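Before I ask anything, here is the structure I am working with.
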Amino acid sequence: MKILIIEDDRAISRAIAEAFGDRYAVDQAFDGEEGLFFARQDVYDLVVLDIMLPAIDGYGVMERLRAEGVETPVLMLTAKNARDDRVRGLRLGADDYLAKPFDRDELVLRAQAIMRRSMGVRTLDTLAFRGLVLDPNTKRATVEGAPVALKGKQYDVLEYLVSHEGQLVSKTQLFDRVWGFLNDTSSNVVEVYVSALRKALKEHGYDGFLKTIRGAGYVWTADDEV
């Protein structure tokens with residue numbers, strides 16, 4: 001799970017990141033322009049967005065994201081608690097609204113509820129596909145209870161593909177999500193990891209669900225026609 005925090009107060013941003021703990025990968029942006037750039041990559045499961053931001057305020061970030069078709073769930077934060085401010089944020093496409101000061105446990109619970117709704121039947125505890133079960137807490141995968149031998153970021157690649165079952169995922173998307181779009185590593189690393197992942201899945205008869213679409217990317221699917 002990957003979360004983007006857009007908050008100009010570094011102490012608050014750090015506290016939010018710490019509240020989510022090691023269970024989530026967290027990126028931080030400290031003004032609206034930087035946050036909009038990060039969020040546009042469309043590789044996050046949730047954006048925690050402050051309203052009072054330099055460069056572009058939270059309303060502006062929210063409006064531009066939705067206008068550009070980025071549907072990442074957003075939890076808006078603000079020191080304001082007026083009804084009109086809440087309504088404005090929700091009308092622009094925010095999924096929930098939390099006024100400062102807030103309880104960190106409530107923040108996490110609201111964030112989890114938003115992500116759970118956005119994922120439909122998927123839960124935040126495990127991700128399943130037939131006999132394959134992925135555990136985000138331990139970053140381990142099993143098939144019918146037998147562990148899949150995954151190394152390094154192979155789990156992250158597999159989780160992203162399975163969580164987007166039936167959807168085309170480009171090599172760039174995978175790289176941005178797993179390694180980070182500001183990472184100096186070559187994006188060719190994706191092909192290396194996908195190849196290794198296939199070998200690990202083949203031992204359990206699950207490599208056939210990972211399809212390569214030449215020149216476009218990858219699809220995790222049970223559809224043989226892809």
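Pairs of lysine in the chain with Cα under 30 Å and at least 8 positions apart or on different chains: total?
29
Out of the DSSP beta bridges found with both residues in the chain, what percent are antiparallel (nearest 5)?
Roughly 45 percent of the DSSP beta bridges within the chain come out antiparallel.
Also, I was wondering about something else. Restricting attention to region 35-137, which GluC sites (Glu not before Pro) occupy a DSSP loop and are surrounded by at most 13 other Cβ atoms within 10 Å?
Here the sparse-neighbourhood loop sites are Glu68, Glu71.
Could you state the angle between the C-alpha long axis of helix 104-118 and the longest principal axis of the C-alpha atoms of the chain, as a value from 0 to 90 degrees rounded to the nearest 10?
In the chain, helix 104-118 runs at an angle near 50 degrees to the longest axis.
Trypsin sites (Lys or Arg not before Pro), restricted to region 147-217: which are DSSP loop and have at most 11 other Cβ atoms within 10 Å?
Numbers: sites: Lys151, Lys153, Lys171, Arg177, Arg198, Lys199, Lys202, Lys211, Arg214; in loops: Lys151, Lys153, Arg214.
Those that pass, being in a loop and sparsely packed, are Lys151, Arg214.
Now, a different point. Hey, what did region 81-217 get for relative contact order, percent, Cα under 8 Å, at least 6 apart?
In percent, rounded to a whole number, it is 14.
Using only the Cα atoms of region 1-58, construct the convex hull and provide its projected area averaged over every direction, in square nanometres to one decimal.
Its average projected convex-hull area is 3.4 nm².
Ok, one more. I need the GluC sites (Glu not before Pro) found in region 135-193, filtered to DSSP loop residues with at most 16 other beta carbons within 10 Å of theirs.
For GluC sites (Glu not before Pro) across region 135-193 that sit outside H, G, I, E and B with at most 16 neighbouring Cβ atoms in 10 Å, the list reads Glu144, Glu165.
Take the alpha-carbon centre of region 62-77, take the same for region 153-226, and report the distance between them in whole Å.
Going from one Cα centre to the other spans 26 Å.
If you look at just the Cα atoms of the chain, how large are its Rg and its Dmax in Å?
Using the Cα atoms of the chain, the pair Rg, Dmax is 18.5, 57 Å.
Next up: Leaving ligands, DNA and RNA out of it, report the carbon-plus-sulfur percent of the accessible area of the chain at a 1.4 Å probe.
That fraction is 45 percent.
Can you classify region 76-193 as rounded, prolate or oblate using the Cα gyration tensor, where a ≥ b ≥ c are the square roots of its eigenvalues, rounded means a/c under 1.5, and otherwise it's prolate if a/b beats b/c and oblate if not? Let's see the in-between values first.
On the way: a/c = 2.46, a/b = 1.76, b/c = 1.40.
It comes out prolate by the Cα gyration axes.
The values are calculated or read from the model by the stated rules, or taken from the named source; none is laboratory data. Note that the structure is predicted; figures quoted are calculated from it, not measured. So basically every Cβ, Gly included, is an ideal-geometry build from the backbone, and we count neighbours across all protein chains shown. All accessible areas refer to the heavy atoms of the entire protein, side chains included, with ligands and DNA or RNA removed. Shrake-Rupley method; radii C 1.70, N 1.55, O 1.52, S 1.80 Å.
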